[in-house]
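The values are calculated or read from the model by the stated rules, or taken from the named source; none is laboratory data. Keep in mind that what you see is a predicted model, and the values were worked out from it rather than measured. Backbone-built Cβ (ideal geometry, glycine too); neighbour counts: all protein chains shown. Each accessible area value is taken on the protein alone, full model and side chains, heavy atoms only, with ligands, DNA and RNA left out. Shrake-Rupley method; radii C 1.70, N 1.55, O 1.52, S 1.80 Å.
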Amino acid sequence: MAPDVAALVERRRASFGAGSVLFYDEPLRMVRAEGAYLHASDGRAYLDFYNNVPTVGHCHPKVVEAVRAQIGELNIHSRYLFDVSHDYAEKLLATFPPALSNVVLTCTGSESNDFALRLARKISGGEGIIVTRTAYHGNTAAVTEVSPSSYKNGAPPRHVRMVPAPDPALFGNDVAQGFADAVRAEIAALEADGIRFAGLLVDTIFSSDGVYADPPGFLKPAVEVTRAAGGLFIADEVQPGFGRTGTGMWGFSRHGVVPDIVTMGKPMGNGYPIAGVVTRPEILAAFCADFGYFNTFAGSPAACAAGLAVLEVIEEDGLIANAARVGRHLEARLKRLQARAPITAVRGAGLYIGVEFGTEKGPAPEIAKGLINGLRQHGILIGAAGRYGNVLKIRPPLCVTTGHVDMLVDALEELLT
């Protein structure tokens, strides 16, 4: 380990203790970034296929300048009026179905999902929440309870019920019906235990479960089951949102549904701490009749300037179309590689792709782990997901090119063969 890195690791351990999380046996010390690349102190540029938060690319000049200019002029909480917050809210809401016309700004996706749970419980009068088996929705106390993947020991409390990921290997050709039946069964189990159902909360590309996007529309029957039982549908768009799937701004739109509540996180501001909840006015009004909600620096001028710049860059740089085009190229190359590698599935949409590894013995997390470390040696950063940790999770900034994708797949091919 390089001396500068070793020294920083020791400082990290001393200051952050058991809460410190680092990638790789020899962690990377990052010094700068731009576009699809992170630059480390070892002098190498690392192609980033891991970080979805810098939606439009690391340190995008338009976002940087918007924040720099705003924070140099005014940055205060949202109980005052300033134009940029209204400009941003109106532009953001214009990307949603008309019924979803109110936004509450927060600082993180965890806060967004926490608030969404409160809305769902207020409107439904229930407490029970259904999530997928390996879901992750954030890290407040309430949101950790609905994030089964966060538990190293134990399991979520009894008011949180889990359904399998919408996996064709489990549900066969009718994923929609199988997933809806699983939700229906857990609603019945909640009721049998005297717990009133409040809602279904899913990340609409099921990223922590191993990435499940197809067939388009499979979520609709589960949403219908949810509403028939008096619950609300919460679409967590922290990871699939802002054009990542290549078929519009939001992951839920691939399924032909309009959620009751939508949550967003830091990709909203390209990493600047802005997040939010979008919902129907009557839902928000019913909550606000009983509770106050104020988040000091959610929706600050600088935060809104960052968010507005992100929306403008997505539009000006054609990043949704880029996600579709580059994503198709990536998926096609991965499926060709699948024919001669221990890849059991290639799944996803746009620039969110999961590559699952297995052998005749079953899931192969050791292959995914080996590839993560091997790709690091090739100057490429990537991570894993899924119940067994055997799915490479490909979610780069939306500015990546087909050339970047070819670098990734060429390196995978070399490592696998």
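Worth pointing out:
- Looking across segment 160-181, the residues that are under 23 Å from ARG227 (Cα atoms) and not in a loop (DSSP other than H, G, I, E, B) come down to VAL160, ARG161, MET162, VAL163, PHE171, VAL175, ALA176, GLN177, GLY178, PHE179, ALA180, ASP181.
- Selection within segment 390-417 - farther than 21 Å from TYR212 by Cβ and either assigned to a strand (DSSP E or B) or in contact with a Ser or Thr (Cβ under 8 Å, 6 or more places away or on another chain) (or both): PRO397
- For segment 69-86, the criterion of being within 22 Å of the chain's Cα centre (by Cα) and in contact (Cβ under 8 Å) with a residue 24 or more places away in the chain is satisfied by no residue at all.
- Here the helices (runs of 4 or more DSSP H) wholly within segment 294-389 that include at least 3 residues being open to solvent by 10 Å² or more (accessible area, probe 1.4 Å) and free of Cβ contacts under 8 Å to residues at least 12 places away in the same chain are 319-338.
- Selection count, segment 153-168, where residues are more than 21 Å from the chain's Cα centre (by Cα) and more than 15 Å from PHE206 (Cα to Cα): 6
- Pairs, first within 17 Å of GLY138 (Cβ to Cβ) in segment 229-258, second among the basic types (Lys, Arg), C-beta under 6 Å, six or more apart: none
- Test for ARG196: is it open to solvent by less than 60 Å² (accessible area, probe 1.4 Å), among the basic types (Lys, Arg) and more than 30 Å from ALA321 (Cβ to Cβ): no
Listed here are the residues, each with its yes/no results for (1) more than 24 Å from ILE283 (Cα to Cα); (2) part of a strand (DSSP E or B); (3) open to solvent by less than 50 Å² (accessible area, probe 1.4 Å).
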| residue | (1), (2), (3) |
| --- | --- |
| GLU111 | no, no, no |
| ARG118 | no, no, no |
| ILE123 | no, no, no |
| GLY126 | no, no, yes |
| TYR136 | yes, no, no |
| ARG158 | yes, no, no |
